[in-house]
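The values are calculated or read from the model by the stated rules, or taken from the named source; none is laboratory data. Everything numeric here is computed off the predicted structure, so don't read it as measured data. Here the Cβ positions follow ideal geometry from the backbone for every residue, glycine too, while neighbour counts run over all protein chains shown. The protein model used for the area step is the full one, side chains on, heavy atoms only, and it has no ligands, DNA or RNA in it. Shrake-Rupley method; radii C 1.70, N 1.55, O 1.52, S 1.80 Å.
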Amino acid sequence: MKKVGVLALQGDFAAHGAALERAGAEVVYVRHPEQLADLDGLVIPGGESTTMLKLLGFEGWMNQLAAFGRRKPMFGTCAGAILMAREVKAPHQPSLGLMDIEVERNAYGRQSESRVAEIQPEREFQQRTAPGKLEAVFIRAPIIRKVSGGARVLARYDGDPVLVEQGPHLVATFHPELTADSRVHSLFLEKL
Ligand code: GLN
């Protein structure tokens with residue numbers, strides 16, 4: 001069984017842990033960088049990326065996460081996607097630069113901070129998992145404004161990329177851990 005870490009400093013790490021277990025992984029809640037050593041992959045959950053960045057300022061996390069991302073697959077949702085991006089706007093903040101994407105934080109605006117949308121993922125996503133639409137839960141989500149380099153879009157909402165893959169890594173601006181559909185987590189486990 002694959003051993004997957006879920007960064008558990010802040011945010012909805014417990015929902016990710018449950019979703020990963022449903023998808024067939026062994027889950028480790030990661031609270032110290034030393035725990036990264038024997039993992040097959042790591043999930044950075046949703047939450048508040050500025051708060052996470054503050055917590056990541058301790059114990060040399062940023063360097064160790066970047067090093068982990070050079071060796072092993074990582075999956076970031078929402079705030080996690082913001083942390084994995086190459087460039088963050090609104091406002092600018094530091095990030096790991098593991099994915100060639102540019103994200104704008106809180107880009108759906110105030111009155112629509114949360115929404116659930118039915119999206120039609122790219123055929124490739126459906127072929128690699130199972131056919132059918134995805135229910136995408138957005139909570140104060142960022143918008144991915146630019147996808148470049150080796151990053152590839154696996155699903156869009158309203159024309160904007162919401163699920164993007166680059167080599168071993170995956171990011172979603174929505175929260176697949178909050179629905180019963182485990183295809184996105186399964187796709188990540190396939191990459192380990
Ligand atoms: N708005 C948050 C941020 O900018 C992300 C929200 C989420 O992870 N659900 O970090």
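Candidates Glu26, Glu87, Glu104: the one that is in contact (Cβ under 8 Å) with a residue 24 or more places away in the chain and in contact with a Pro (Cβ under 7 Å, 6 or more places away or on another chain) is Glu104. Val88 meets all of the listed conditions (1) touching a helix residue (DSSP H, G or I) at 6+ places or on another chain (Cβ under 8 Å); (2) open to solvent by 30 Å² or more (accessible area, probe 1.4 Å); (3) over 22 Å from Ala15 (Cβ atoms) but one, namely (2). Return yes when Thr129 is within 16 Å of the chain's Cα centre (by Cα), modelled with pLDDT of 95 or more and of a type in the set (S, T, N, Q) and no when it is not. When the stated conditions are applied, Thr129 does not pass them.
Taking the listed residues Arg105, Arg123, the one that is within 15 Å of the ligand (Cβ to nearest atom) and within 18 Å of Pro161 (Cβ to Cβ) is Arg105, with no other qualifying.
Considering the conditions (1) in contact with a strand residue (DSSP E or B) (Cβ under 7 Å, 6 or more places away or on another chain); (2) open to solvent by 40 Å² or more (accessible area, probe 1.4 Å); (3) under 25 Å from Asn63 (Cβ atoms), Ile101 is excluded by exactly one of them, (2).
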